[in-house]
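Reading through the structure tokens given below for one structure.
The values are calculated or read from the model by the stated rules, or taken from the named source; none is laboratory data. Here the structure is a predicted model, which is why all the values come from computation and not from measurement. Virtual Cβ from ideal backbone geometry, glycine too; neighbours counted across all protein chains shown. The protein model used for the area step is the full one, side chains on, heavy atoms only, and it has no ligands, DNA or RNA in it. Shrake-Rupley method; radii C 1.70, N 1.55, O 1.52, S 1.80 Å.
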Amino acid sequence: MTEIKTMDEPERARESGPGASGRTPFQWRRLWPIALLAAGLVAAKAFGLDAYLSFEQLQQNRAALLDWVERWGALAVIVYALVYIAVVAFSLPGGAVMTIAGGFLFGQAPGAAYVVVAATIGATLVFLAAKTSLGDQLAGKAGPWLARMRAGFNENALSYMLFLRLVPVVPFFVANLAPAFLGVRLRTYVIATFVGIIPGTFVYASFGAGLGAIFDRGESFSVSAVLTPEILTGLVGLGVIALIPAAYKKIKGKRRLGP
């Protein structure tokens, strides 16, 4: 006779439990990090705080800001960095103005250094919020197409991330969010962000360092004037260089497979 094996209650519970299909149910409480950042954006818009992130405000409060930096020193740097982190974390439109202001208030090299650190921290907060809230859940529920996209991106994640940071073709907040959904590791994300934003930051900070002379002459200017064709060409060139390892790996892989 064939022995019929029956499941006891613990085994039956495991089979019929939430993990039986290999997927865990969505937990709404996991959305609090991204909800907090969204609430910050809504509050900033509601109170009109983003209106202060403009060249007009910088020009009108020029003397007071420079005096504040001179009198408060390190505290002024900390406050500036915290404001910059908030601008990036809440995805407020004003990152370019803040970067130029860094060069204006602290000089090219110090201002660029403060911006790189603050922008990296702010971008990392967005990345962690998105990954914690939606990234892992999306990976578990999406179909094989996303799995293939994640695998392809992560095979050369550092090169692709550097390209996104170097070449200003993708909005900064999009470049902050997308890697979280593509499964990029935190360490790779932080390194690529920190290194990738250095060239562009120095360009904007250099412009900011000479902003006082523009104010004195009463000339009009805009953020678009910073990225001249020559500078854009240089940034695109750096982006292409960042993609060389990925291209080499693909060519090497095809050669290994043969005709």
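Numerical summary
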read-out	value
Protein-only accessible surface order, largest first, of 216, 67 at 1.4 Å	216, 67
Accessible area expressed per residue, the range 165-229, with surrounding protein chains retained (probe 1.4 Å, Å²)	48 Å²
Potential lengthening between residue 186 and residue 71 on full extension [0.36 nm per residue; Cα-Cα distance subtracted]	37.6 nm
Mean separation of Cα contacts under 8 Å, 6 or more apart, over the residue count of the range 63-206: relative contact order %	32 percent
Spacing of the two label points (7 Å from each Cα toward its C-beta) at residue 52 and residue 30, in nm	3.6 nm
Which of 75, 53 is most accessible, then next, and so on - probe 1.4 Å	75, 53
FRET efficiency estimate (nearest 0.05) - Cβ-Cβ, residue 222 to residue 39, R0 30 angstrom	0.45
Segment residue 230-residue 169, extension gain: residue separation times 0.36 nm, minus the distance between their alpha carbons	20.4 nm
Residue 114 - accessible surface, heavy atoms, 1.4 Å probe, Å² rounded to 10	80 Å²
Gyration tensor verdict on the range 29-93 (Cα atoms; rounded if a/c is under 1.5, prolate if a/b is larger than b/c, oblate otherwise)	oblate
Förster-model FRET efficiency, 30 Å R0, residue 155 and residue 132, C-beta, rounded to 0.05	0.80
Highest-first arrangement of 169-175, 246-252, where packing means the average Cβ count within 10 Å	169-175, 246-252
